[in-house]
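Visitor: Sharing a structure here in structure tokens format.
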Amino acid sequence: MAERTLARYLTEEQRNRGVITADLKFLIEIVSRACQAISIAIGKGGLGGVLGEAGSDNVQGEAQKKLDVLSNEILLEANEWGGHLAAMASEEMDLPHTIPNRYPQGEYLLLFDPLDGSSNIDVNVSIGTIFSVLKCPEGADLSTAAAAEAAFLQPGTAQVAAGYAVYGPTTVLVLTVGDGVVVFTLDREQGQFVLTQENVQIPADTQEFAINMANQRFWEAPVQRYVHEMQQGKTGPLGKDYNMRWVASMVADVHRIMTRGGIFMYPIDSKLQGQGGKLRLMYEANPMALLIEQAGGAASTGLQRILEIKPGKLHQRVPVILGSKNEVDRITGYHRT
Ligand code: AHM
Ligand code: MG
């Protein structure tokens, strides 16, 4: 039987199951091609002159790497001409990018973190791209970039598709169109994504956790309690030994959880209180939360299901606790007591 490429998967979802529209199929294919282009640029590393600082800061005041800027440009250029989008928003841009007048406008909004895990770029550790797709509300004001922001402020439950690419030893694309989670692997010779896993299911239980332990002294009490109990292992209240992993690329940490379960936490802490958290809601937490829930896991701030947060601004940050359901339920229980 012929390989199931991304194009074929999307065509089948459109034709047989009516899950997606022709425009959404086109949008996802374009994003996947942009991810291939980013993967190629990353693969060149020091030979391609793509490593190092860009010499600029993004809207969040973070120093941009050359690959942050390049990946953002690749995604913008790939997506602006096709007629499938009303606007785009990115971690690397203060305001949304509206579609230039010379191109037709479509009904979707695309949000992305073009290069997640920026601190890992120069050290040759896995990094990725995260994206989220929303429908543009009818009658939305897209006349200026500033006005367009309001169209994006929809809860994560409104996402019609979400995904991420991990640029690791292999490049994988993990996708949901609201019909479960599927994984594609980039066949570099053919230049296309091929389906390698369907119906991804995250085990409900786990013995693996991911958190930046350097922030321990700043954590809130429920997180202190939970991590302390995990560290006590078999002889503690949880009755089992845990292992810890922290890649510092959310895409890689989430992909490990997709593959074998686990819990990932970037909680609120006293240092982050003023900004609401570390990770961004609209293009990091929401797409990951949708993927995790579609794979049978859970995603919470500790106090609230991430997908139900009504966003107040485009670059809003939130606490993130996601992964194996029983462990996420345990720590949200600790938040309630
Ligand atoms: P980025 O989008 O600028 O790369 O920041 C997000 C990243 C996540 O991928 C990762 O989970 C986290 O920041 C790592 O933070 P820390 O450096 O505190 O470990
Ligand atoms: Mg990021």
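Visitor: Multiply the residue gap between Arg305 and Ser119 by 0.36 nm, knock off their C-alpha separation, and tell me the result in nm, one decimal place.
Guide: 64.1 nm
Visitor: Rounded to whole Å, give me the distance from the Cα center of the stretch 79-130 to that of the stretch 285-329.
Guide: 21
Visitor: For the stretch 106-182, how big is the tail of P(r) above 16 Å, as a whole percent of Cα pairs?
Guide: 59
Visitor: Now, a different point. Could you do me a favour and compute the accessible area per residue for the stretch 6-197, 1.4 Å probe, result in Å²?
Guide: Roughly 40 Å² per residue, with all protein chains present.
Visitor: Still on this model: Can you tell me the length gained on complete extension of the stretch Met244 to Asn326, counting 0.36 nm per residue apart and subtracting the Cα distance?
Guide: Once the chain is fully extended between Met244 and Asn326, it gains 27.8 nm.
Visitor: Quote the FRET efficiency, to the nearest 0.05, computed for Thr185 versus Thr337 with a Förster distance R0 of 45 Å and r equal to the Cβ-Cβ distance.
Guide: Approximately 0.55, to the nearest 0.05.
Visitor: So how do Arg15, Arg317 rank on accessible area, 1.4 Å probe, biggest first, that is with the largest at the start?
Guide: Arg15, Arg317
Visitor: If you roll a 1.4 Å probe over the stretch 288-330 with all protein chains in place, what percent of the accessible area is carbon or sulfur?
Guide: Of all accessible area on the stretch 288-330, carbon and sulfur atoms account for 47 percent.
Visitor: Quick check: the distance between the Cα centres of the stretch 200-271 and the stretch 41-67, to the nearest angstrom?
Guide: 30
Visitor: Something else about it: Only four residue types carry charge here, +1 at the Cβ of Lys and Arg and -1 at the Cβ of Asp and Glu. Report the dipole size of the chain about the Cα centre in Debye, rounded to the nearest 20.
Guide: Dipole of the chain, to the nearest 20 debye: 740 debye.
Visitor: What is the pair-distance distribution P(r) of the stretch 6-197, computed from all Cα-Cα distances in 5 Å bins starting at 0, with each bin given as a whole percent?
Guide: Using 5 Å bins, I get a P(r) of 1, 8, 17, 20, 20, 16, 11, 6, 1, 0 for the stretch 6-197.
Visitor: Using a probe of 1.4 angstrom, how much of the accessible area of the stretch 1-149 is carbon and sulfur, in percent?
Guide: On the stretch 1-149, the fraction of accessible area on carbon and sulfur atoms equals 50 percent.
Visitor: Enter the accessible area per residue of the stretch 208-336 (Å², integer; probe 1.4 Å; all protein chains in place).
Guide: 38
Visitor: How many nm is it between the label spots at Lys271 and Asn199, if each spot is 7 Å from the Cα in line with the beta carbon?
Guide: Distance between the two pseudo-spin positions: 4.4 nm.
Visitor: Given the Cα-Cα distance of Lys234 and Thr259 and 0.36 nm per residue of separation, how much length would full extension add, in nm?
Guide: My answer for the length gained is 6.6 nm.
Visitor: Return the Rg/Rh value of the stretch 208-336, two decimal places, where both radii are evaluated on C-alpha atoms and Rh is the Kirkwood radius.
Guide: That ratio is 0.94, to two decimals.
Visitor: Over the alpha carbons of the chain, what is the largest minus smallest coordinate on each principal axis, giving the biggest first in Å?
Guide: Taking the Cα atoms of the chain, the three principal extents are 64, 50, 44 Å.
Visitor: Assigning unit charges at the beta carbon (Lys, Arg +1; Asp, Glu -1) and nothing else, what dipole magnitude in debye, to the nearest 20, does the stretch 1-130 show about its Cα centre?
Guide: Charge dipole, the stretch 1-130, about its Cα centre: 620 debye, nearest 20.
The values are calculated or read from the model by the stated rules, or taken from the named source; none is laboratory data. None of these values were measured; they are calculated from a predicted model. So basically every Cβ, Gly included, is an ideal-geometry build from the backbone, and we count neighbours across all protein chains shown. Please note that ligands, DNA and RNA were not included when accessible areas were found on the heavy atoms of the full protein model with its side chains. Shrake-Rupley method; radii C 1.70, N 1.55, O 1.52, S 1.80 Å.
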